[in-house]
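Structure first, commentary second.
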Amino acid sequence: MSNRSAAYEHFRQWAASLLAHHDTEVYQFSTISALLEGVYDGDVTIADILRHGDFGLGTFNHLDGEMVILDGVCYRLRADGSATRAALTDRTHSRRSPDSTPTSRSPSKPPPRRPK
């Protein structure tokens with residue numbers, strides 16, 4: 001087995017074990033390709049996102065900061081180094097077809113460690 005295929009298999013097994021620890025869903029509503037196509041605004045609110053999970057990454061409308069969702073709290077990180085709690089009414093970019101990626105997590109199961 002080549003190094004590349006071994007790395008792929010290692011990652012695949014890690015990702016499968018990570019997903020096995022999620023109760024209900026992995027929710028994705030947009031992709032990096034939407035950003036690359038210039039889709040910088042949308043109508044999905046932070047409140048909408050938090051209905052689907054307590055952990056995720058993304059960006060805000062007009063690329064106004066990076067989104068980090070941790071333990072059900074959404075933060076906005078800006079280039080100046082500031083980090084603030086996002087308002088539930090703040091919006092994020094989206095694409096027409098369902099494609100941030102918050103995920104539900106079971107409190108009774110800790111997430112697996114990434115293999116070494």
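The values are calculated or read from the model by the stated rules, or taken from the named source; none is laboratory data. Since this is a predicted model, take the numbers as computed values, not measurements. So basically every Cβ, Gly included, is an ideal-geometry build from the backbone, and we count neighbours across all protein chains shown.
Structure data summary
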{"quantity": "Residues of the stretch 39-74 satisfying the condition of being in a strand (DSSP E or B), exposed (fewer than 15 other Cβ atoms within 10 Å of the Cβ) and either at pLDDT 90 or above or more than 16 Å from the chain's Cα centre (by Cα) (or both)", "calculated": "Val73"}
{"quantity": "Residues satisfying the stated conditions in the stretch 16-38, i.e. modelled with pLDDT of 75 or more, assigned to a helix (DSSP H, G or I) and either among the small types (Gly, Ala, Ser) or surrounded by 14 or more Cβ atoms within 10 Å (Cβ to Cβ) (or both)", "calculated": "Ala16, Ser33, Ala34, Leu35"}
